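Colleague: First the structure, which I've put down as C-alpha cells, then a few questions once you've had a look.
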Amino acid sequence: MIEWIARGLRTGIVTTRYPKRPEHPPAGFRGHVDLLQPEHGSSELEALCPTGAISVATDGRVSLDRGRCILCGLCVAADPERFAFAPGYETAARQRASLVAGEPGPHVLDELRATLGERSRTLRRSIHIRHVDAGSDGGEEWEIQALTNPYYDMQRLGFFFTLSPRHADILLVTGAVTEPMRAPLLRAWETMPEPKAIVAAGTDACSGGLAAATGTTAGGVDSVLPVDVYVPGSPPSPIALLHGLLLATGVLTREAAA
Amino acid sequence: MSAQRLRLVADPVELLQPQLAAVVEGSPPGERRLRLPLGRLDAAVEALTGRGGQLAALFPVNTPEPSLLAAVSFQGELVALRAPLDGAREYPSLSRITPAALLPERELHDRYQLTPLGHPDLLPALSPDPDRLERRVVGEQTFVIPYGPIRSGVFESIQYVIETGGEDILGLHVRPFFKHRALEQRFVGLDFDQAVQVAERIAAIAGVAHATAFCQALERALEVEPTRRAQRWRVVHAELERIANHLDVAVKLAEDAALAVGVARFGILKEQIQRLRARLCGSRFGRGVIAAGGLAEAPLLELKTVLQALDEFERQLRRDRRLLLGTASFTDRLIGSGTLDRATVEAYAGVGPVARACGIAADARFERPYGAYIRVGGRIATVDDGDAMGRLRVRFHEIAESLHIIRQAFERLDKYGPELRDELPAASGAAFGWAEAPMGELIYWVEVADGRLSTVRISSPSLRNWPLFAESFRGDVLTDFSFIEHSFGLTPAGADR
C-alpha cells in the first residue's frame with residue numbers, strides 16, 4: 001500500500017484548471033463544426049448531413065443545428081469553404097435554439113461564459129449527479145466516467161456521482177431515449193427531490209442523432225422531459241460535459257433562491 | 001507428413017455436399033458459401049460444430065433471395081450456410097445443437113417473426129419490461145433481485161435478474177435490448193460515407209472495429225483492396241482502441257476493489273491513450289478516420305511523436321501493472337471469481353478475452369487475418385485460468401502485444417505510396433467483413449445495390465459473450481458480481497444495436 005501512495009505522489013498534479021483557466025484542446029480536435037459562410041447556400045447542402053443538421057432557407061441562408069450535428073465531418077469534407085471543425089468545447093446551451101449556428105437570435109452562451117469562473121468559485125454546496133443511460137452508444141459513458149479521473153477531477157468543483165436518484169440534484173441523461181428506457185427514466189426523474197435539473201449529454205440526447213430516424217427512440221430527451229442544459233457532441237468531451245454541468249448549477253441556485 | 005495432415009483437415013465443402021445436397025456458390029476469399037434447403041440447416045450446422053466449428057452468426061439475408069444464413073467459424077474460414085426461406089416462417093431450431101443459437105433465435109423470432117421449431121426457451125427478447133421478471137429457481141427463501149436497467153454507477157443500461165437465497169447467486173438472467181435503436185435498419189438506403197457514421201456509432205468504445213469490419217465487408221463485396229498505407233493506419237487505430245478498452249476494464253476492477261490510487265493511475269493511462277487518439281485524428285474515439293476504400297483523412301501526428309508517446313506510456317504502464325498484480329487485496333477478489341470452463345465457452349461460441357482466458361486461441365486478427373494483420377506478426381495471448389484474474393491477465397498481455405503490433409505497423413509505412421483511399425464503385429454485391437474488436441470477433445454482413453446499402457446484419461461479440469456471463473456464476477456470491485461483470489468488458493450498446 002505504501003508503494004501505491006508513493007506512486008500516487010510521484011505522479012504529481014495533472015488536473016486541468018478549467019474553468020478558472022481555459023483548457024487548450026489539441027490542434028485539429030473535433031469540438032464542433034463552425035459555419036464560416038452562412039450566405040448563398042444551395043439546397044443541396046442539406047443532403048450532405050445524415051442527421052439533417054443543415055438547413056437552407058429560401059433566401060439561401062444556411063443554418064447549422066449543433067444539437068443535431070454528430071461531428072461526422074461529411075459537410076467539412078464536401079464544402080471546406082463553408083464548414084470547418086473548431087476545437088472549442090464550451091458548446092453547451094440552456095436553450096435548444098441557441099445551438100443553432102448562423103441563425104440570428106439570443107446568444108445566451110456568450111454572457112454565461114463570462115460568469116462561469118466566478119460561479120464555480122462561489123459554489124459552496126455539493127452537487128450530486130445521477131446518470132441515466134437512455135440508449136446511448138456507450139461513448140458518453142466513457143466521457144462521463146473520465147470526469148472523475150485526475151485530469152478532470154470534477155470533485156474539486158463540488159460535483160459528485162450518487163447512486164440513488166433520491167439524493168440527486170442533476171439528472172445527466174445520455175441517449176435518444178429508447179422505448180424500454182422511457183419508463184425507468186421517468187421514474188428516476190420523479191423520485192428526485194426539488195430543486196432539480198436535467199442535462200442532456202450528447203447529440204443523441206439532444207436530438208436523437210442518427211437514432212432519431214429509426215422510429216424506435218423518442219428522438220431526444222426533451223420529447224420526454226424538460227431539459228435544462230443541452231450538451232451537444234458525439235460524444236461531448238469531458239471538458240464540454242463539465243461546462244454543461246456548470247451551466248446546470250446556475251439553474252439549481254436560481255431555483256433555490258426563488 | 002503434409003499429405004497426411006491435409007487428409008485430416010476436413011474440407012467443409014467435401015463434408016456437406018454429398019450428404020446434404022448443398023450447392024457451392026462463389027465467394028470472396030476467407031468465406032465459403034453453401035446453399036441448402038431450410039430443413040437441412042440444422043443438420044449442416046451440426047456437421048460443422050461437431051467437428052470443432054462454432055456458430056458465429058445467425059440472421060436473415062436478402063441477397064440473392066430472402067434466406068436464413070448461419071455462419072460457422074470453421075478451421076480458419078467462415079462457412080456461410082444459406083437456406084432460402086421461400087416464404088417459410090418456421091425452421092428447425094439450431095439451439096438443440098448449440099446453445100450459441102439460444103439468444104439469436106429469440107431475437108429473430110421477435111424481430112422477423114421466424115419461429116425456431118423446438119427452441120427450449122422462446123421468451124421475448126426485444127422490448128424488455130423491467131418490472132416483469134422471469135424466475136427459474138424455485139424454492140423456499142429464494143428471491144429475485146432485479147439489477148438494472150439503471151444501475152449503481154455510470155454504466156450503460158442492461159438488466160440482470162439475479163436469483164438468490166441471500167448471498168449465493170443461484171441463477172442469473174441477462175436481459176439486453178433496453179438500448180435497441182434499430183441501427184441495422186438505419187443503414188438501408190445510405191451511401192458509403194454516411195453508412196460508416198452509423199457503424200461507428202453502434203458501439204462507440206469499439207467504433208474503429210465496427211467501421212473496419214463494415215468497410216472490409218463493403219470492400220470485399222465490391223472487390224476493392226484498400227491501399228497498404230490505409231491498412232496499416234487502420235491497424236494502429238484499432239490497437240489504440242483495444243488498449244483503451246483494456247485499461248478501462250483495469251480502472252473498473254480497481255474501483256470495485258476500492259483501490260483509489262490504482263483507479264487514478266489507470267484512469268491517467270487511459271486518458272493518455274484517449275488524448276493520443278484525439279491528437280492523431282481529432283476524435284477521442286477514432287471517429288471519422290476509417291472510410292470505405294481506405295482512410296478518410298491523413299493522420300495529424302508524425303510517426304515519431306506517436307512512438308515517443310507510446311514508449312513513455314509503456315514505461316508508466318509497466319510499473320502500474322506490477323503494482324496492481326502484486327496487490328493481494330485486489331487479486332484475491334479476482335482469482336477464482338466467475339470461472340468458466342473451456343467446454344462451456346466452446347459450446348456458446350465465446351469470443352475475445354473471455355475465450356482466450358480459457359485457453360482458446362480464438363482471435364480473428366490471426367485466425368482469418370485481414371488488412372495489415374496479414375503482414376504484421378502477433379501472438380494470441382491465452383491463459384488457462386478461466387476466471388476474472390485470467391481475463392485481466394489476457395488483457396495486460398494484449399496491451400503489450402498491441403504496442404508491439406503498432407510499432408511493426410509503423411516500420412514499413414514510409415515505403416508505401418501516399419495514397420490513402422480508393423473510391424469504391426457504385427456497384428452491387430454482398431459479403432462478410434470481420435474485425436477483432438476489444439470484446440472479441442465482430443462480424444458484418446453487407447448487401448449493396450448500386451452504391452447504396454440495402455441490408456446490413458451484425459453479429460456482435462458482446463451479444464455472443466453475454467450468455468457466458470450468466471454461466472460464469474458457479475458458487476459466486478453477490479459481492480463478486482461487479483468484479484465478474486467488469487472482467488468481461490462487454491458493451492450493451494454493441495449488443496443491442
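Since every read-out is calculated from the coordinates, none of them should be taken as a lab result. Given the structure is predicted, the values throughout are model-derived calculations rather than measurements. With ideal geometry, Cβ positions are generated from the backbone for all residues, glycine too; neighbour counts draw on all protein chains shown.
Colleague: Quick query: amide H of B:Leu58 versus all other amide H atoms, modeled in the peptide plane; which residues come in under 5 Å with a sequence gap of 5 or more or a different chain?
Modeller: The answer is B:Ala71.
Colleague: If you put +1 on each Lys and Arg Cβ and -1 on each Asp and Glu Cβ, how big is the dipole of the protein assembly as shown around its Cα centre, in Debye rounded to 20?
Modeller: Here the protein assembly as shown has a charge dipole of around 1700 debye.
Colleague: While we're looking at this one, here's another question. Thinking of segment B:11-117 as a set of Cα atoms, what percent of all their pairs are more than 20 Å apart?
Modeller: The calculated P(r) of segment B:11-117 puts 31 percent of pairs beyond 20 Å.
Colleague: Sticking with this one: Compute the convex hull volume of the Cα atoms of chain A, divide it by the residue count, and report the result per residue in Å³ as a whole number.
Modeller: Spelled out: Cα convex hull of chain A, divided by residues, is 148 Å³.
Colleague: Tell me the label-point distance for the pair A:Ala97, B:Tyr416, using the 7 Å Cα-to-Cβ offset, in nm and rounded to one decimal.
Modeller: About 5.1 nm separates the two model spin labels.
Colleague: Roughly what % of Cα-Cα distances in segment B:38-86 sit above 15 Å, to the whole percent?
Modeller: So the pairs more than 15 Å apart make up 40 percent of the total in segment B:38-86.
Colleague: Over chain B, calculate the relative contact order: mean separation of alpha carbon pairs under 8 Å at least 6 apart, over the residue count, as a percent.
Modeller: 18
Colleague: Shifting gears a bit: Please tell me the relative contact order of chain A in percent, rounded to the nearest whole number, where contacts are Cα pairs under 8 Å and at least six residues apart.
Modeller: Over chain A, the number comes to 21 percent.
Colleague: Can you tell me the Rg and Dmax of the protein assembly as shown, counting just the alpha carbons, in angstroms?
Modeller: 25.3, 87
Colleague: Here is a follow-up. Could you name the lysines in cross-link range of B:Lys270, using Cα to Cα under 24 Å and dropping any fewer than eight places away on the same chain?
Modeller: B:Lys270 reaches B:Lys252, B:Lys304.
Colleague: Say R0 is 51 Å: what FRET efficiency, to the nearest 0.05, do B:Gln141 and B:Gln113 get from their beta-carbon distance?
Modeller: The computed FRET efficiency comes out at 0.80.
Colleague: Oh, and also: Obtain the nm distance between the two label points defined at B:Val24 and A:His24 by a simple spin-label model: each point lies 7 Å from its Cα along the Cα-to-C-beta direction.
Modeller: According to this spin-label approximation, the distance is 6.3 nm.
Colleague: Along Cα→Cβ, 7 Å out, is where each label goes; now give me the distance between the ones at B:Ser428 and A:Ile5 in nm to one decimal.
Modeller: 7.2
Colleague: Under a 10 Å cutoff between Cα atoms, tell me which one of A:Arg66, A:Arg17, A:Arg130 has the largest fluctuation in the Gaussian network model of chain A.
Modeller: Its mean-square fluctuation being the largest, the pick is A:Arg17.
Colleague: How big is the gap, in Å, between the Cα center of segment B:177-255 and the Cα center of segment B:34-88?
Modeller: That distance is 25 Å.
Colleague: Assuming R0 = 41 Å, what is the FRET efficiency of B:Ser152 and A:Ala47, from their Cβ-Cβ distance, to the nearest 0.05?
Modeller: 0.40
Colleague: Have a look at the DSSP beta bridges in the protein assembly as shown and tell me what percent are antiparallel, nearest 5.
Modeller: Details: 60 of 84 bridges.
About 70 percent, rounded to the nearest 5.
Colleague: How many Cβ atoms of partner chains, on average, are near each residue of B:189-195 if near means within 10 Å of its Cβ?
Modeller: Partner-chain Cβ atoms within 10 Å, mean over residues of B:189-195: 3.
Colleague: In terms of modelled amide H atoms, which long-range or inter-chain residues lie less than 5 Å from the amide H of B:Ala427?
Modeller: Close amide H contacts, sequence-distant or interchain: B:Gly451.
Colleague: What helices does chain B hold that run 20 Å or longer along their axis, going by alpha-carbon atoms, with a Kyte-Doolittle average of 0.5 or more, using DSSP H for the helix calls?
Modeller: B:207-222
Colleague: Considering amide H positions built from the backbone, and no H for Pro or chain starts, which residues 5 or more places from A:His32, or on another chain, come under 5 Å of its amide H?
Modeller: A:Ala86, A:Gly88
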